[in-house]
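> So that we are looking at the same thing, I have put the structure below in structure tokens.
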Amino acid sequence: MWSLPGTRNNVAAPYSANATQRYGASAQFAHWLLALLIFALYIMGWYMVEIPKKTPPVAFWYNLHKSIGLVAVLPIVYLIWWRLSHKSPRLPATMPRWEISASKLNHALFYICLIVMTLSGFLESNFTKWGIKFFGYALPPVFWEDKNISDIFNAIHIYTSYLFIVLIGIHVLAALKHWLIDRDGVFQRMLPR
């Protein structure tokens, strides 16, 4: 029986992991570095808000959170630049159109949340009397002290982090689906060969 190349009995052959196009090493490194930094920031964020106010550990944990948040700017900026200047590896032809659209939307919201959380955290800190100490080094204040403005940016920071954790959950579940159920090579795009 005749069939098209790459098909068996007119049924598309499974997407081979060997044929998987992967993100480059620098994009993979930035992705996983950012994932680790975000994980650390969430753990610290949940922990530090439970520490009694006006106790010595509060300043330490808040400043560490701010410092790591500033470090996270580097992979965020790199990944945004990479997305704007490179073509992503191809997706399998078997992937439904709605999944592709959902993936694009999730990634776009990822970047929006990353930018909003970073800026709101930075602005919130710069409208307080404490400012930012980058691993112990006090950065010069950018703005004046204003609790009302600081509270607004704090709320934006917190509520955006809630949306972002939902997006992370969707992203992880989708990755696991592609790896364990679909086995279509999508998961491997962000892994070294």
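The values are calculated or read from the model by the stated rules, or taken from the named source; none is laboratory data. Only a predicted model underlies this, so the values are computations on that prediction, with no experimental measurement involved. Positions of Cβ are generated from backbone atoms using ideal geometry, with glycine treated the same way; all protein chains shown enter the neighbour counts.
> Residues that are over 25 Å from TYR78 (Cα atoms) and more than 26 Å from the chain's Cα centre (by Cα): does the range 117-127 have at least one?
Within the range 117-127, not a single residue is over 25 Å from TYR78 (Cα atoms) and more than 26 Å from the chain's Cα centre (by Cα).
Residue-wise test of (1) over 16 Å from the mean Cα position of the chain (by Cα); (2) part of a helix (DSSP H, G or I).
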{"position": "LYS54", "(1), (2)": "yes, no"}
{"position": "PRO57", "(1), (2)": "yes, yes"}
{"position": "PHE60", "(1), (2)": "yes, yes"}
{"position": "TYR78", "(1), (2)": "no, yes"}
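> Here is a follow-up. Go through the range 37-46 and give me each residue that's loosely packed, with under 13 Cβ neighbours inside 10 Å and β-branched (Val, Ile, Thr). So that I can check it myself, show each step before the final result.
Taking the range 37-46 and keeping what is loosely packed, with under 13 Cβ neighbours inside 10 Å, we get 39, 43, 46.
Answer for the range 37-46, where residues must be loosely packed, with under 13 Cβ neighbours inside 10 Å and β-branched (Val, Ile, Thr): just ILE43.
> Across the range 181-193, which residue is nearest to the chain's Cα centre (by Cα) among those that are loosely packed, with under 15 Cβ neighbours inside 10 Å and over 18 Å from ALA93 (Cα atoms)?
Here the answer is LEU191.
> Determine, yes or no, whether GLY185 is assigned to a loop (DSSP other than H, G, I, E, B) and within 16 Å of TYR23 (Cβ to Cβ). Walk me through how you get there before you give the answer.
On the way: assigned to a loop (DSSP other than H, G, I, E, B): yes; within 16 Å of TYR23 (Cβ to Cβ): yes.
Yes.
> In the list SER120, SER88, SER101, which residue meets the criterion of being farther than 21 Å from PHE29 by Cβ, small (Gly, Ala, Ser) and surrounded by 13 or more Cβ atoms within 10 Å (Cβ to Cβ)?
Values: SER88 fails: farther than 21 Å from PHE29 by Cβ; SER101 fails: surrounded by 13 or more Cβ atoms within 10 Å (Cβ to Cβ).
Testing whether each residue is farther than 21 Å from PHE29 by Cβ, small (Gly, Ala, Ser) and surrounded by 13 or more Cβ atoms within 10 Å (Cβ to Cβ) leaves just SER120.
> Please work out which residue is surrounded by the most Cβ atoms within 10 Å (Cβ to Cβ), limiting yourself to the range 128-154 and to residues that are part of a loop (DSSP other than H, G, I, E, B) and touching a residue at least 40 places away in the same chain (Cβ under 8 Å).
So in the range 128-154, the residues part of a loop (DSSP other than H, G, I, E, B) come out as 128-132, 135-136, 139-146.
Next, from what is left, pick out any that are touching a residue at least 40 places away in the same chain (Cβ under 8 Å): 130, 132, 135-136.
On the way: TRP130: 16, ILE132: 21, PHE135: 11, GLY136: 9.
Per the stated criteria, the residue is ILE132.
> Against the condition over 30 Å from ILE100 (Cβ atoms) and of a type in the set (Ser, Thr, Tyr), how does SER161 come out, does it pass? Outline the logic, then answer.
Numbers: over 30 Å from ILE100 (Cβ atoms): no; of a type in the set (Ser, Thr, Tyr): yes.
For SER161, the condition - over 30 Å from ILE100 (Cβ atoms) and of a type in the set (Ser, Thr, Tyr) - is not met.
> Based on this model, can you work out whether TYR15 counts as touching a Ser or Thr at 6+ places or on another chain (Cβ under 7 Å), at pLDDT below 95 and aromatic (Phe, Trp, Tyr)? Talk me through it step by step, then tell me what you get.
Numbers: touching a Ser or Thr at 6+ places or on another chain (Cβ under 7 Å): yes; at pLDDT below 95: yes; aromatic (Phe, Trp, Tyr): yes.
Against the criterion (touching a Ser or Thr at 6+ places or on another chain (Cβ under 7 Å), at pLDDT below 95 and aromatic (Phe, Trp, Tyr)), TYR15 qualifies.
> Go through (1) part of a helix (DSSP H, G or I); (2) in contact with a helix residue (DSSP H, G or I) (Cβ under 7 Å, 6 or more places away or on another chain) and name the single condition LEU91 misses.
Single failed check for LEU91: (1).
> Six or more apart or on different chains, Cβ atoms under 7 Å: show the pairs whose first residue is in the range 8-36 and surrounded by 13 or more Cβ atoms within 10 Å (Cβ to Cβ) and hydroxyl-bearing (Ser, Thr, Tyr) and whose second is at pLDDT 50 or above and not in a loop (DSSP other than H, G, I, E, B).
Partner pairs satisfying both residue conditions: THR20/GLN188; THR20/ARG189; TYR23/ARG189; TYR23/MET190.
> Provide a single number: the residues in the range 77-96 that are of a type in the set (Val, Ile, Thr) and either out of contact with any strand residue (DSSP E or B) (no Cβ under 7 Å at 6 or more places or on another chain) or within 13 Å of LEU114 (Cβ to Cβ) (or both).
Step one: of the range 77-96, the residues of a type in the set (Val, Ile, Thr) are 77, 80, 94.
Okay, now just the ones that are also either out of contact with any strand residue (DSSP E or B) (no Cβ under 7 Å at 6 or more places or on another chain) or within 13 Å of LEU114 (Cβ to Cβ) (or both), so 77, 80.
Here the count works out to 2.
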